[in-house]
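Only one structure is covered here, and it is reproduced in the block below.
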Amino acid sequence: MTYGIDFGTSNSVVARWTGEETEVLPIDSENLPAQWREPEFEELFPSVLSVRDLQRTLCFGWAAKTTTGEPVDAVKRMLGTRSAGAEQTDSGTPHLEEHHAWIGGEPFRSTTAAAALFSRMKSAADNHLLDLSEAVVTVPANATGGARYRTRAAALLAGIKVKALLNEPTAAAISYANGNEGAGRFLIFDWGGGTIDVTVLEHDGRNFDELSSRGIAALGGLEFDEALARIFLAKLGEVPEKLTVRERNRWRRDVELTKIALSRRDVREVPFDLPALGKTLTVSREEYAAAVAPLIKRAMQPIEECLSDLGFDAQDIEAVLMIGGTSQIPEAREAVGTILGADRIVDPRLCHPMTAVARGAAIYSAALDNHLERDRFSLVTNYDLGTAFDAGPRKGFFPIIERNRTLIARGEKTFPPAVPGATSVTVEVIEGEKGFPADSDRAFPLAQLEVKLPKPEQDPQLNAITIQFQYDHSGILKVKAVHERTQKLLSEKEIDSFGPDGTPLQSGLDGELQRLLGHVDTPFIGGDHAVAEEGSTPGIPTADAPPLAPGPDAGLSVNGTPQHRL
């Protein structure tokens with residue numbers, strides 16, 4: 001059997017292809033609390049890990065989400081963003097340093113935290129006598145290189161070989177097309193807990209061809225939680241500074257449950273109890289809709305960008321698939337219908353909003369095992385991939401592989417050294433956007449390679465090197481440097497290093513994962529409970545935190561520093 005894993009910001013799903021149909025594995029359904037019973041929720045594994053408040057042992061999924069301990073969630077966002085302490089290189093391009101999640105008073109790298117979640121998925125499959133030793137794993141279409149590498153590394157650390165990394169919107173389209181006959185040009189609007197991706201894809205009845213993809217890396221259900229929490233804080237007229245960890249976590253859970261309730265058309269208002277403060281608040285659906293309207297408006301931008309990229313209008317789209325929990329909010333569906341036509345939006349019963357991505361990944365996994373089927377899928381690059389060059393006060397960016405190139409994509413560019421007599425050339429590998437500098441917020445550094453030259457030359461043209469990029473179906477980039485005059489191969493590397501010291505991504509992570517998983521049955525010794533009190537929780541700021549200022553990884557910021565603490 002073949003497996004697909006949708007590793008999500010809020011929830012993950014594991015599906016398998018049986019040879020005739022897809023089915024979702026019940027990773028954590030036995031722990032689903034009664035108040036969280038919503039359509040498809042029994043098939044979700046919350047991407048959360050936590051330390052139990054009393055036992056001080058590690059737990060996952062629904063237990064971690066509803067425990068009185070301090071949960072770590074939104075790990076997926078940490079994988080692809082720069083940490084607050086990221087430094088710049090001498091060339092001015094920021095390093096991609098890894099976030100740390102504080103668990104039981106100890107720091108663990110975000111890749112380790114993600115690996116622990118993958119490990120829990122694998123062990124749950126083992127308990128059902130299923131061998132989840134390899135799978136196709138999905139990533140946001142606009143995931144950065146750092147996110148793609150760290151996702152693959154996390155799964156591998158957990159003992160799951162990644163057959164391919166598949167874009168989430170394309171996986172959803174594969175799932176839909178598998179159960180519904182008909183060809184056409186689809187727009188997939190994928191909006192879940194952490195990210196939004198919009199992809200236009202063409203299906204001719206057999207083959208899938210990605211045409212364009214746009215997205216926003218930090219816009220999802222977590223931001224809706226923040227908007228609702230702001231309403232409550234405004235009604236309180238004060239910041240509830242004295243809540244305990246237990247009370248803060250109940251607040252978190254109740255905010256999310258209230259959001260789910262207010263997302264229904266038939267709900268007029270919802271009471272919100274704060275026993276610790278002796279108060280009950282009421283929020284109306286109108287108040288909530290007004291608070292989230294700016295988020296929904298912003299979410300429409302990737303649709304406009306995708307259509308603009310391709311020179312399309314609404315009439316060029318045959319069907320719209322709305323995937324992810326946030327996409328099911330009525331106002332979100334109305335906004336998409338206004339742009340593309342409500343009659344084009346596919347009924348959610350025909351394309352499961354919460355599980356379609358994992359189901360499509362399982363189908364794609366089966367196709368990869370059949371050489372007659374694997375060529376059905378044509379994927380595209382989602383960023384310009386290139387290198388930096390000096391351009392006055394800013395660093396210029398030169399694309400080598402441009403956005404929306406069909407994979408496998410190749411490109412090359414020849415550069416001479418910047419100065420005569422050079423003994424080496426520094427090659428900065430960057431995800432960016434054509435027309436924007438390499439040190440702008442549109443650029444994302446992947447690696448800085450030092451290429452040794454055969455010998456110094458006074459004429460730089462004699463030491464020109466050709467940089468060759470190859471970007472494969474998994475979103476993995478291989479870089480070669482060839483001496484132009486002699487055709488000697490000077491460097492060949494798969495980009496797997498993101499630290500300032502050039503440390504490979506996997507270095508030391510296996511031992512760190514074993515140390516973390518050792519706390520599943522063994523209490524954290526010397527864990528500092530006070531650490532949790534200092535940290536911030538979505539919806540509850542600390543006394544000296546700016547009111548509800550979301551960090552890049554969905555936690556709030558304390559004096560501007562993102563916090564991930566237990």
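Hey, how much of the P(r) for the stretch 384-494 falls beyond 21 Å, as a percent of Cα pairs? Each step should come with its number before you reach the end.
On the way: 2178 of 6105 pairs.
In whole percent, the share of Cα-Cα pairs in the stretch 384-494 beyond 21 Å is 36.
Output the pairs from 413/493; 65/122; 455/478 with a Cα-Cα distance over 21 Å in this structure; if there are none, say none. Present the calculation step by step, with values, prior to reporting the outcome.
On the way: 413/493 16 Å; 65/122 19 Å; 455/478 25 Å.
Exceeds cut-off: 455/478.
Could you tally the net charge around residue 406, taking each other residue with its Cβ under 10 Å from the Cβ of residue 406, Lys/Arg +1 and Asp/Glu -1?
Values: positive: 405; negative: 209, 210.
Net charge around residue 406: -1.
Please report, in Å, the Rg and the Dmax of the stretch 221-295, where both are computed over Cα atoms only.
Rg and Dmax of the stretch 221-295, Cα atoms, are 11.9, 35 Å.
If you put +1 on each Lys and Arg Cβ and -1 on each Asp and Glu Cβ, how big is the dipole of the stretch 384-494 around its Cα centre, in Debye rounded to 20?
On the way: 15 positive and 16 negative charges, 46 e Å.
Rounded to the nearest 20 debye, it is 220 debye.
Throughout, read-outs are computed from the coordinates displayed, never taken from laboratory work. Keep in mind it's a predicted model, so treat the numbers as computed, not measured. Backbone-built Cβ (ideal geometry, glycine too); neighbour counts: all protein chains shown.
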